[in-house]
């Protein structure tokens, strides 16, 4: 058993010989620039889901390696309501969304929720809020109520009604509550514009969770559900709709990313029927690839011209796609660098860190590390000690990888061909949201508290 207080653990990992499961297809591996989709000044912050590069990496941060409830906690703030949306950080503010019940108990609006697989009814009106917290002190600076209603679906028993992470450009904050609306606020909490996109009908009434993505004044919102699915773009300053593309899709929970391909931005969205790339300016469909499973949750990642996307539900799939010049159906083309059919990601999204691709099998503590461009196992698949179910996506900074399970245990690994366990840390909360890393701090959002973890000055 490893002690919470030990500063550095140098333990060997127990390797599982599960095989790589790789089926390689030929493709050129030409050089390509790294693909940051935020400006260099923003790299010091965590302004969106999965961080400044949309890969889970904080390129300029130096977070702590060890912590506990009485060690390396800069502050710990009790949060209103519940939300599995991840925190974002800009300048001296941490931004979150949440939902909490108000008023008396009522009958649930949607009868299907009672018989739906693993769903729960909602029996109170919910108040949907955005809030800002001082990065320095942990004080709640403002809390703005954006909507109140009795939701038509309750969502998954392990989910929340505030699962889409906010995004900011440093001028406005954008928060999506799906069927409850899309909102733009200034950084002092004043509403600037809002949009109503209708009512989602999600598979098994499992709820909504895809986050909006922002790039160069364009805000993109995915809308995959059991009705007519679409993806839509807005002018971020005014809320004017710029384009809308219909999608032949069922419910998906993955968040799109914006990538630079041949010098032009594309929106890439993973889903059950296709992974698709759209021109950011017009919404025109550029390319598509077939082969993921149902219930796509994990978001794709991208660097050096290569997209990595995966899923794991009824079937398992992970693919690496070279996007330069991609047009039309590229399923059987030489744009496919490699595919994998074992131990692929379901709930947590992959981490792409210095050409290493880290992903968890389903949502279990079984981690695979591959060299991204080649798909070569480095070192392969391994079982992670003392972790259980994992919903939070892994993050990386300062040569380390952080993996947090739902019970509050975080495993810290070295980013190396043969990773070592550096620490096993525990907190007294439940965690589904992914961490944000900025400066010397790691921000973890639990079901009750937001933690700022940072090395104490005397350490």
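Can you sort 339, 315 from fewest to most other Cβ atoms within 10 Å of each residue's own Cβ?
315, 339
At what distance in angstrom do the alpha carbon centres of region 131-193 and region 404-438 lie from each other?
Their Cα centres are 26 Å away from one another.
As a test, work out the antiparallel percent of DSSP beta bridges whose residues both lie in region 14-454, rounded to the nearest 5.
Of those bridges, close to 95 percent are antiparallel.
So how long is each side of region 53-187 along the principal axes, counting just the alpha-carbon atoms, biggest first, in Å?
49, 33, 30
Find the relative contact order for the chain and round it to a whole percent, using C-alpha pairs within less than 8 Å whose residues are 6+ positions apart.
19 percent
Would you calculate, for the chain, the mean residue ellipticity at 222 nm contributed by helices, counting each DSSP H stretch of 4 or more residues as -39,500 (n - 2.57) and dividing by all residues, to the nearest 500?
The helix-only estimate for the chain comes to 0 deg cm²/dmol at 222 nm.
For region 371-453, take N as its residue count and report Rg(C-alpha) divided by 2.2 N^0.38 Å.
It is 1.13.
Exposure proxy check: 278, 449 ranked by fewest other beta carbons within 10 Å?
Fewest-to-most ranking of 278, 449: 449, 278.
Highest mean first, how do 409-418, 250-259, 395-404 rank when packing is the count of other Cβ atoms within 10 Å averaged over residues? Write down the numbers at each step before the final one.
Values: 409-418: 18.4, 250-259: 25.0, 395-404: 22.7.
Packing order, densest peptide first, comes out as 250-259, 395-404, 409-418.
May I ask you to derive the relative contact order of region 113-266, considering only C-alpha pairs under 8 Å and at least 6 residues apart, and to give it as an integer percent?
After rounding, I find 17 percent.
Which order do 427, 246 fall in if you start with the one that has the fewest other Cβ atoms within 10 Å?
246, 427
Given axes a ≥ b ≥ c from the Cα gyration tensor, I'd like to know whether the chain is rounded (a/c under 1.5), prolate (a/b larger than b/c) or oblate.
Rounded, because the longest to shortest axis ratio a/c is under 1.5.
Does region 226-372 classify as rounded, prolate or oblate by the C-alpha gyration tensor (a ≥ b ≥ c root eigenvalues; a/c under 1.5 gives rounded; else a/b over b/c gives prolate, otherwise oblate)? Before the final figure, lay out each step's value.
Values: a/c = 1.67, a/b = 1.40, b/c = 1.20.
Since a/c reaches 1.5 and a/b is larger than b/c, the shape of region 226-372 is classed as prolate.
A short reminder: the numbers here are calculations on the coordinates, not readings from a lab. Since we're looking at a predicted model, the values are computed, not measured. FYI the Cβ positions are ideal-geometry reconstructions off the backbone, even for glycines, and counts take in every protein chain you see.
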